[in-house]
1. Residues with amide H under 5 Å of SER141's amide H, sequence separation 5 or more or different chain, H placed in the peptide plane at 1.01 Å from N; which?
2. Could you tell me what percent of the accessible area of the range 178-332 is made up of carbon and sulfur, with a 1.4 Å probe and every protein chain present?
3. Could you give me the ³J(HN,Hα) list for the range 245-262, computed from phi with Karplus coefficients 6.51, -1.76, 1.60 and θ = phi - 60°, whole Hz, x at Gly and Pro?
4. Would you indicate which of (1) 1.01; (2) 0.95; (3) 1.06 is the value of Rg/Rh (Cα atoms, Kirkwood Rh) derived from the coordinates of this structure?
5. Over the chain, with a Gaussian network built from C-alpha contacts below 10 Å, which listed residue (SER43, SER141, SER171) shows the highest mean-square fluctuation?
6. Under 15 Å from a point 7 Å along the Cα-to-Cβ line of ASP253: which residues of the range 111-149 have their amide N that close?
7. Under the rule of -39500 (n - 2.57) per DSSP H run of 4 or more residues, summed and divided by the residues of the chain, what mean residue ellipticity at 222 nm is obtained, to the nearest 500 deg cm²/dmol?
8. How far apart, in nm, are the 7 Å Cα→Cβ label points at ARG208 and GLN191?
Amino acid sequence: MIAFFRCCRSSHLIKRSSTSLFSTASSQPGDFQRTLLNAVSRSGIGLHTGITAQVRLLPAPAGVGRYFVHLSDDGQTKEEEVQVPASIHSVKETNLSTCIGQGDVRIRTIEHLLSALEGLGVHNCRIEIHGGNEVPLLDGSAKTWVDAIHEAGITFALDDKGDKLEHINFSLMEPVYVSKGDSFVAAFPSQDLRITYGIDFCEVPAIRNQWFSIHLDKDSTYMREISPARTFCIREQIEKMRAAGLIKGGSMDNAIICSMSNGWLNPPLRFTDEPCRHKLLDLIGDLALCSENGNPGLPIAHIVAFKASHWLHIEFGNALLKAKMNQHRGSK
């Protein structure tokens, strides 16, 4: 989720460019869609609701993609199961986290879990949640989800005919960008996937301006460099957020907290630029919602973001999908 404070407020004008072209290609010959080998569960408290929920990750067939199912309180499938696709078209709210929904069902704070699944290349997964409708925050990072995925194991996904499906990446051919004030997310053609993220907390000396860039060439790169980065907040903003009915489950056990005057209140940090890395983690989780039919959500491109929010991440994802659709139409 995003930090609970942003210094440098942006205007309400949003600019976007979505005339980009994508080429469609399999990552490498024999690079097939993947899913989990076994089911695995984790439980914990939700950041905003403060309610304990259990999430169970299960294998799913090739081509199905990732989707959520909200079970009854006793963990049983409801009489009329409602599946909520982990799709950008399902997004309902982006206030300090990303919430998706279908009908009356809402699933909150999905970005850390989806970041782990996308980062490890698991694009087909059934995700059951019960006891609450918010994915547990756990330690505030994606590391616990990465550990759970490794515990379950990763294998090739099979379709309903028992066949593997090659996964399809989209290579960006022209720039795409969205912006709001001085905040932006952009992507540029590249031969491989690289993400660069910048943050600017000018009123918080312990954070200030940070940039982090990474070449995501292997699952282990995400696991080592991105997944351990925890969510963060500014101490002086906590009471305001709680008064608004948010961060009921936030604590020093699941977030790193920084004071404007006294610096970090619960060190040590896992990285000197941990806040910036966590924003990149969130971006991966939000753009995982661009996944379609069991294929990666992230395009092959150099993605650059600065002072972006969940809302701007989703706007960028919509621009990517619109460009992809235009390319498909143009190729017919």
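The values are calculated or read from the model by the stated rules, or taken from the named source; none is laboratory data. Owing to the predicted nature of the structure, the values given are computational and were not obtained by experimental measurement. For neighbour counting, all protein chains shown are included, and Cβ atoms are generated from backbone atoms with ideal geometry for every residue, glycine included. For accessibility, only protein heavy atoms count, side chains too; no ligands or nucleic acids. Shrake-Rupley method; radii C 1.70, N 1.55, O 1.52, S 1.80 Å.
1. Hits under the 5 Å cutoff: THR231.
2. Roughly 50 percent, rounded to a whole number.
3. So the J values, rounded to whole Hz, are x, 10, 6, 5, x, x, 7, 6, 7, 10, 7, 9, 10, 10, 9, 4, 9, 10.
4. Checking each listed value against the structure points to (2).
5. In this elastic network of the chain, the residue with the biggest mean-square fluctuation among SER43, SER141, SER171 is SER43.
6. Those under the cut-off are 136-141.
7. -6500 deg cm²/dmol
8. Taking the simple label geometry, ARG208 and GLN191 are separated by 3.7 nm.
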